[in-house]
Amino acid sequence: MTLHIEPSSPDPIYRQIVGQITRLISAGACPPGTRLPSVREVAAAHAINPMTVSKAYALLEAQGLLERHRGKGMQVAADLQTATPTATRLQALLPTLQELARQARQLDLSLDQLVEALTPLMNEATLSKDRNE
């Protein structure tokens, strides 16, 4: 599991972690029982405060997405339904899409211009995913 933390993002780091892990679980990339990296591992890998990671994990646990297992750390909850419909996965992306739409309107960009800019990014992300598998 690879997290991408943007320290300069207006979104707090713990929310970035929660959002990314939620999306990974929703997409089926982290099936039930998947062990997550420890708080210390994530904090060290991204040079962030361990309490930030701990807060994100606690929120995910409270949402029922993660389970704490003594001696094994955090795992994706065993009773999750990972085959989520596309609509549910798109719902997880809705805040990002709303922000994108707001900024595009401010910049007077058309939908065609957004699609034109987004297409190579999606292709690049697909190629990157294929290389990592």
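A few remarks follow.
- Ala29, sole failed condition from (1) at pLDDT 90 or above; (2) surrounded by 13 or more Cβ atoms within 10 Å (Cβ to Cβ): (1)
- When residues of the range 97-126 are limited to those that are outside any helix (DSSP H, G or I) and not aliphatic (A, V, I, L, M), the one least open to solvent (accessible area, probe 1.4 Å): Ser110
- Boolean, Val53 is more than 21 Å from Ala125 (Cα to Cα), modelled with pLDDT of 85 or more and of a type outside the set (D, E, K, R): yes
- Test for Gln75: is it more than 17 Å from the chain's Cα centre (by Cα) and polar (S, T, N, Q): no
- Taking the range 13-82 as the region of interest, the helices (runs of 4 or more DSSP H) fully inside it that hold 2 or more residues being of a type in the set (A, V, I, L, M, F, W, C) and farther than 12 Å from Leu3 by Cβ are 39-46, 50-62.
The values are calculated or read from the model by the stated rules, or taken from the named source; none is laboratory data. None of the values given here were measured: they were computed from a predicted structure. So basically every Cβ, Gly included, is an ideal-geometry build from the backbone, and we count neighbours across all protein chains shown. Heads up: the accessible areas ignore ligands, DNA and RNA and are worked out on the full protein's heavy atoms, side chains in. Shrake-Rupley method; radii C 1.70, N 1.55, O 1.52, S 1.80 Å.
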